[in-house]
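Okay, structure first, notes after.
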């Protein structure tokens, strides 16, 4: 039977219950609300790491922040009785060197010592000082300061002051003359007497000796028992004078004059004297060796062997011959010998080349027996690294060999594995060698600690947690400067390069003709550039150079030796002509200009300005630079103008080789970073435009 549907019936109807659309809607709202709450909770509870992303890049603001500055505690050994007798500089607490010296005097006085007591001391800023590290801040315990006044009420300038090894001995220099006090309360004894017009300085280095020969400002040395003082007397009466103009602060510029021998000119003459300090002062001159007595020479090393004998090294003017003598302080007689002896005097130690495999010879410590010349040297160290300094009281090397000089052959590295993250060190030993101050310089964050030589690996006894040719720039030393900003912020790869003649690469690589030192280094560096260009992450169309002083010279020479290989170059205080530079440096490598005119002409950048005409480079120089005079840049700029060269220039008025004013330092860093970053970025934009044009074609 078929049922016929009526006109009011729906074709899609069923007999089931109707849907609860209201309940479904409420459920959907609840689900959405729960999901929203979950998402919101995730967002709110997730740590905000955007600031970490921003802080992962080193910026110029970071570089200028105090949080990113490495603090050097400036410590020095006062005596050998342990690290608690260290002299901790209070330069940070005091405002001037004069007050600093007064502070030292008071600390050494018996009055201040007797008032010291155990407990928590505070310095003049109110900061707590730990008992483990006695600081010069303790000198504020008394107001009874003792002054170092110039003689006869003169307006003389105090140039230097330092303690002697015994008690409260004090030596200081006023206007080139040395004064001595057996104790702080004693009357001063004048040890030297020179007139200003004589142009002689005693006990201190002049420019040449400080920058090129001794590499230190003090030029006096105490005997171990404090009974004698050896000092250099440097005579510049025949040395030409350099004038450095200062433009700021007055209606007319003022000039600073100082002796500065350039290549081929008269050099300072230096004599070594020893004065007896116990009893009547008696001064003797140490007689130089016959081979150098009537010739220009330098004194490059002085060290005491005993209380009456000292070792002295004389260099000829060309610095290719040296004579080491042992001088008797009681007679002034000097005999050629070597400076470091064993306890019984039967063996002496020096640094000699030793063959170390295919890389040639490296400099190592050797012991020799003078009584038996036929016995070959006995090397105490070995390996593919150089011993750079051999000194019984202080060591300044990358690896510190510790050897019993009295015959027991034991060798250990006393700096290895002492501090995590540190592989580049400098050390200074106490006078009796029972402790040493260890300076961790990198690659981790620098720090300074004090150790015992008996057990160097023990916990530091006083942790201080404030926390050129022949040179070496490729090291593991920690650095935080504008190059790191360039790398961090702008994805620039940095490369430091040591050419041949560098330290630590063996005598085989160092044996080069010194007159070709510039051209060979340029060849070495360009070889490294070719190697870098093959790396997959290096863009060989965007490369730049940076160098300062001799490095600035090399950057300009590399620029002249290539054609548009480098997009830009920054040269700071570049040496442009070695005739204008220090005699000690220039003659060491090129000889005397009168005999080596071709070598000087070949080495000069001034002869190649035509090759720089179309290059992009920036020159930066302080107008008061006493090391590389602005004259170098002035001569270069004069020739660049004549050939209509493309260059940029940034001068720093009245600033020296090292910028001192914080604003100048900040401006220099930002200028170099912005210049190099803009240059490399601009090169990338040009490359993109060229690619677009090729696609259009």
Quick shape check on the range 182-311: root eigenvalues a ≥ b ≥ c of the Cα gyration tensor, a/c under 1.5 is rounded, otherwise prolate if a/b tops b/c, else oblate, and it reads oblate
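Can you work out the FRET efficiency for the pair residue 602 and residue 215, with r the C-beta to C-beta distance and R0 = 30 Å, to the nearest 0.05?
On the way: r = 28 Å, r/R0 = 0.95.
Efficiency, from the Cβ-Cβ distance: 0.60.
Highest mean first, what order results for 323-330, 36-43, 57-64 on Cβ atoms within 10 Å? Could the numbers behind the result be given before it?
Values: 323-330: 19.2, 36-43: 9.6, 57-64: 14.9.
Result, highest mean first: 323-330, 57-64, 36-43.
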Label model pair residue 642, residue 266: point-to-point distance (7 angstrom along the Cα→beta-carbon line) in nm is 3.2
With Rh as the Kirkwood radius over Cα pairs, the range 482-696 has Rg/Rh of 0.98
Expressed in angstrom and rounded, the centroid-to-centroid distance over alpha carbons for the range 535-561 and the range 178-193 is 54
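Calculate, in nm to one decimal, what residue 29 and residue 198 gain on full extension: separation in residues at 0.36 nm each, minus their alpha carbon distance. Present the calculation step by step, with values, prior to reporting the outcome.
On the way: separation 169, 0.36 × 169 = 60.84 nm, distance 10.01 nm.
Once the chain is fully extended between residue 29 and residue 198, it gains 50.8 nm.
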With the label point 7 Å along the Cα-to-beta-carbon line of residue 493 and a cut-off under 15 Å to each amide N, the hits in the range 535-555 are 535-545
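Could you list 478, 362 so that the one with the fewest beta carbons within 10 Å of its beta carbon is first and the one with the most is last? Don't jump to the answer; show the numbers that get you there.
Numbers: 478 17, 362 23.
Least to most surrounded, the residues fall as 478, 362.
Determine the shape class of the range 226-289: with a ≥ b ≥ c the square roots of the Cα gyration tensor eigenvalues, call it rounded for a/c under 1.5, and otherwise prolate if a/b is greater than b/c, oblate otherwise. Walk me through the intermediate numbers first.
Working: a/c = 5.20, a/b = 1.99, b/c = 2.61.
The shape class here is oblate.
Sorted from fewest to most neighbouring beta carbons within 10 Å, what does the list 647, 217 look like? Please list the in-between numbers first.
Numbers: 647 17, 217 12.
Fewest-to-most Cβ neighbours within 10 Å comes out as 217, 647.
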Nearest-0.05 FRET efficiency for residue 256 and residue 45 at R0 = 60 Å, using Cβ-Cβ distance, is 0.40
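Rounded, prolate or oblate: pick one for the range 151-220, where a ≥ b ≥ c are the square roots of the eigenvalues of its C-alpha gyration tensor, a/c under 1.5 means rounded, and failing that, prolate if a/b is larger than b/c, else oblate.
On the way: a/c = 2.52, a/b = 1.27, b/c = 1.99.
Note, shape of the range 151-220 comes out oblate.
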Expected sort for 663-676, 200-213 on mean C-beta neighbours within 10 Å, highest first, is 200-213, 663-676
With Rg from the Cα atoms and Rh as the Kirkwood inverse mean 1/r over Cα pairs, the range 516-620 has an Rg/Rh of 1.00
Computed on Cα atoms, the radius of gyration and Dmax of the range 607-687 in angstrom are 14.4, 42
So the FRET efficiency between residue 291 and residue 375, C-beta based with R0 = 30 Å and rounded to 0.05, is 0.65
Packing-ranked peptide list from 558-564, 227-233, highest mean Cβ count within 10 angstrom first, is 227-233, 558-564
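Here, each number is a calculation from the coordinates, and none is a lab measurement. This is a predicted model, so every value here is computed, not measured. Every residue, glycine among them, receives a Cβ derived from its backbone with ideal geometry; neighbour counts consider all protein chains shown.
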